[in-house]
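Since the structure comes first, as structure tokens, the remarks are kept for the end.
The values are calculated or read from the model by the stated rules, or taken from the named source; none is laboratory data. Values in this document were obtained by computation on a predicted structure and should not be read as measured data. Here the Cβ is made from the backbone with ideal geometry for all residues, glycine too, and neighbour counts use every protein chain on show. Protein only, heavy atoms only, side chains kept; ligands, DNA and RNA dropped before computing areas. Shrake-Rupley method; radii C 1.70, N 1.55, O 1.52, S 1.80 Å.
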Amino acid sequence: MLTSVLKIGFVVAALTVSANAASAQTSPSGEALFRQRCGSCHTVQGTQNRMGPALQGVVGRKAGTAPGYNYSPALREWGRTWTVANLELYLAAPRTAVPGTKMSIVAPSPAQRAEIIRYLQTQR
Ligand code: HEC
């Protein structure tokens, strides 16, 4: 019993170390998380919209303004800019942050949200 607890603790520690090692580089873990959790609906390539709007340059951009994307009225009329703080609120609970938005996906882990937002900041 005690040894299995210790083993689990060791595995968690090992995973934490490797995650830190990964983010010390040019944040491949944020990129990997974006691909996994956002990439089916969003690109960071220019104005290429998918089911969701293109997210290149989204940090500092006014919400609801990606060219050619058909936003919900809620997001189009929200009127705010995507700061890190607003992205954090939206990714934690999109429909609480922007009632009526058609994005329902959440990124439940605060650490993963931070990684994804850091990655988006590099996609200018
Ligand atoms: C199942 C598809 C889907 C996934 C997965 C998804 N989104 Fe979205 N996203 C959307 C849709 C649809 C919209 C448009 C919402 C609206 O118009 O109300 C949107 C809008 C956004 C916006 C607002 C952009 C703007 O131009 O105002 C941001 C930021 C965003 N998503 C970030 C993310 C991030 C980061 C992830 C990954 C954690 C993610 N989304 C995952 C579908 C998705």
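Against the test of being within 9 Å of the ligand (Cβ to nearest atom), out of contact with any strand residue (DSSP E or B) (no Cβ under 6 Å at 6 or more places or on another chain) and under 21 Å from residue 30 (Cα atoms), the options 75, 55, 89 yield a single qualifying residue, 55. Looking only at residues in the stretch 49-92 that are hydrophobic (A, V, I, L, M, F, W, C) and surrounded by fewer than 18 Cβ atoms within 10 Å (Cβ to Cβ), the one that is farthest from residue 124 (Cα to Cα) is 74. Look at residue 97 and say whether it is touching a Phe, Trp or Tyr at 6+ places or on another chain (Cβ under 9 Å), surrounded by 15 or more Cβ atoms within 10 Å (Cβ to Cβ) and under 17 Å from residue 50 (Cα atoms). For residue 97, the condition - touching a Phe, Trp or Tyr at 6+ places or on another chain (Cβ under 9 Å), surrounded by 15 or more Cβ atoms within 10 Å (Cβ to Cβ) and under 17 Å from residue 50 (Cα atoms) - is not met.
When every residue of the stretch 19-27 is checked against the conditions, at least one turns out to be at pLDDT below 95, of a type in the set (Gly, Ala, Ser) and assigned to a loop (DSSP other than H, G, I, E, B).
If the condition is being in a loop (DSSP other than H, G, I, E, B) and over 16 Å from residue 106 (Cα atoms), then the stretch 28-49 contributes 43, 44, 45, 46, 47, 48, 49. Taken over the stretch 101-111, the criterion of being open to solvent by less than 60 Å² (accessible area, probe 1.4 Å) and modelled with pLDDT of 95 or more is satisfied by 101, 103.
In the stretch 47-60, the residues that are farther than 18 Å from residue 88 by Cβ reach residues that are assigned to a loop (DSSP other than H, G, I, E, B) and among the polar types (S, T, N, Q) with C-beta atoms within less than 6 angstrom, at least six apart or across chains, in these pairs: 54/43; 54/47; 54/48; 56/123.
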